[in-house]
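Some notes on the structure that comes next.
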Amino acid sequence: MVDGNLEADIVIGSRIRLARNIAGLPFVDHATSDQTAHIEKVIMHEAESLSDPTIVFYDLAGLEELERQFVLDLERVSRAVLRKDQDLSSQPKASLLSEPVVSELSVQVNEEDHLRFSVTRNDCDLLSAWELLDRTDDRISQNIDFAFDSQRGFLTACPANLGTGLKASVMVHLPALAQTRQTEKVFRTLHKHGINVRGLFNDEASGNFFRVSNQLTLGLTESDLITKVLDAIPVINRFECKAREFVLDNNRDALRRDVQVAYENLGRVDVDQVREIEWANTLRELSLVRLGVALEMLDMSKASQIQSMFESVQLKKRLDSAIADENYQLAAELRDRIREIGEGGQS
Amino acid sequence: MKCQKCQKQATFHITDLTGDELLALHLCPDCAKQYLKTDETPSEGPMTNALQKQLKPLEQAAEDLRELDSKVCPICGISFFEFRQAGRLGCPHDYVFFQAELEPLLINVHGQNHHVGKQPKRGVRDTESQTELIRLRREMKEVVEQEDYERATEIRDQIRSIEEGQQSG
């Protein structure tokens, strides 16, 4: 469906998740600790039998701090869990700039539903993601009875996920629509067609990044829901392209200057300066660089370089707080990862 | 005809296009106004929106609301009030027990109320025994708290026999 690089200019990544609950047990919020332990045991047992090395499990309690932050950054954990976890509530800096390079399957146990599993990709090939997810669902459900009703479909804790339990989303970058203040108008139109668009981050400064997803989960097949989301992407892309043309026609020189400044600023970022980095500003600069590459204002052939830049900036931000917390073990891990990315980028 | 979202007389008959499907809605003037308005204001999320939409007319009839809120699922013990507060249900049986209350909500959020997606690979089990399991496990917790271990023994055996029946079935 995606032809050429047009959509690639706006697409950052995509994800599909399925929500499932085990039959004969209350939903997580109303389950006893024995029951949640039982759920975990049952699901882990099934998952181990998949013997699939690509599956990554997130047992939040058992995660090392670095991994945990990484998981949170990928927004695989909802705000509700964040609130439950005292350690993390103090710094809810979830962000989603660095997507895994390959498609990745992750499984969550006892979050809002007993089982939520998802496939994340750094392109928008949601249909391939669905194939993997569908297959995994079949395999996990070989020995587990999921709460299911022939009329209502898969029963979920929140009625908004009822039926398929499927949420397909594409993360997009729409700087020109945001700059020309047209996002509301475009999103309202999409909303009428069952497409939900929300800001990717909560703070205002990062208003250029959005998540496009299916609003409803019941009454359509899984592939129809996914197609609906995919069909919205070229539409959004057309609007963004028009807005970019408008910005270029009216503001080319100023934009070129901004892009250049942002690029230079980001290029100067290193570990020693990490304390000076202001996250909101960094995001704005990343957005400008991404736009600059798309508009061929910057001589940077590979968008992957920005990707690593995104990642290392994010890591540096974490390094900053690790140093502030005097957690030097974590700081050392972060330092090594930042170096790895730096070396990868130069080669 | 009654309004699909409250108990008033439906005077508005709206046909809306959701995806490729035509959706017929029968609403009272207040709910129709709400329904048409929401398209203009995509806010926090479909759930919150739909809940507000559904409950607004109810708020005008405080007594109805109190009655509705005090309805408690005999299986998991959640009240409709708790669901309204949290936006989450207590157990799968709530979809049966609160069916009348949830129906308009589902129509609001999804525009449909019938699943057409994939089915579990294993045949769908007897939902009654699943519901009974939830009820028994809840009762078990209560009697253990009351230190009534004799009753707990009985319940444990009942649970085991249902579970064994499921495994062999």
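Derivation of every value follows stated rules applied to the coordinates shown; laboratory data play no part. Note that the structure is a prediction, hence the values are computed from the model and not measured. FYI the Cβ positions are ideal-geometry reconstructions off the backbone, even for glycines, and counts take in every protein chain you see.
R0 = 51 Å: FRET efficiency of A:Arg257 with B:Tyr149, Cβ-based, nearest 0.05?
E between A:Arg257 and B:Tyr149, to the nearest 0.05, is 0.05.
List B:Asp94, A:Asp325, A:Asp258 from most exposed to least, where exposure is judged by having the fewest other Cβ atoms within 10 Å.
A:Asp325, A:Asp258, B:Asp94
Take the residue pairs A:Lys167/A:Lys228; A:Lys41/B:Lys141; A:Lys228/B:Lys5; A:Lys167/B:Lys118; B:Lys2/B:Lys33 and return only those whose Cα atoms are more than 22 Å apart. Numbers along the way, then the final one.
Numbers: A:Lys167/A:Lys228 11 Å; A:Lys41/B:Lys141 20 Å; A:Lys228/B:Lys5 27 Å; A:Lys167/B:Lys118 14 Å; B:Lys2/B:Lys33 16 Å.
Over 22 Å Cα-Cα: A:Lys228/B:Lys5.
Counting other Cβ atoms within 10 Å of each Cβ, which trypsin sites (Lys or Arg not before Pro) in the range A:150-198 have at most 11 and sit in a DSSP loop?
Details: sites: A:Arg152, A:Lys167, A:Arg181, A:Lys185, A:Arg188, A:Lys192, A:Arg198; in loops: A:Arg152, A:Arg181.
Within the range A:150-198, the qualifying trypsin sites (Lys or Arg not before Pro) (loop, at most 11 other Cβ atoms within 10 Å) are A:Arg181.
Quick one: A:Ser150, B:Ser129, fewest Cβ neighbours within 10 Å first, how do they rank? Each step should come with its number before you reach the end.
Details: A:Ser150 10, B:Ser129 15.
Arranged by neighbour count, lowest to highest, A:Ser150, B:Ser129 become A:Ser150, B:Ser129.
Most exposed first by the Cβ proxy, i.e. fewest other Cβ within 10 Å, how do B:Glu63, A:Glu333 rank? Don't skip to the end; give the middle numbers.
Working: B:Glu63 7, A:Glu333 19.
Result, fewest neighbours first: B:Glu63, A:Glu333.
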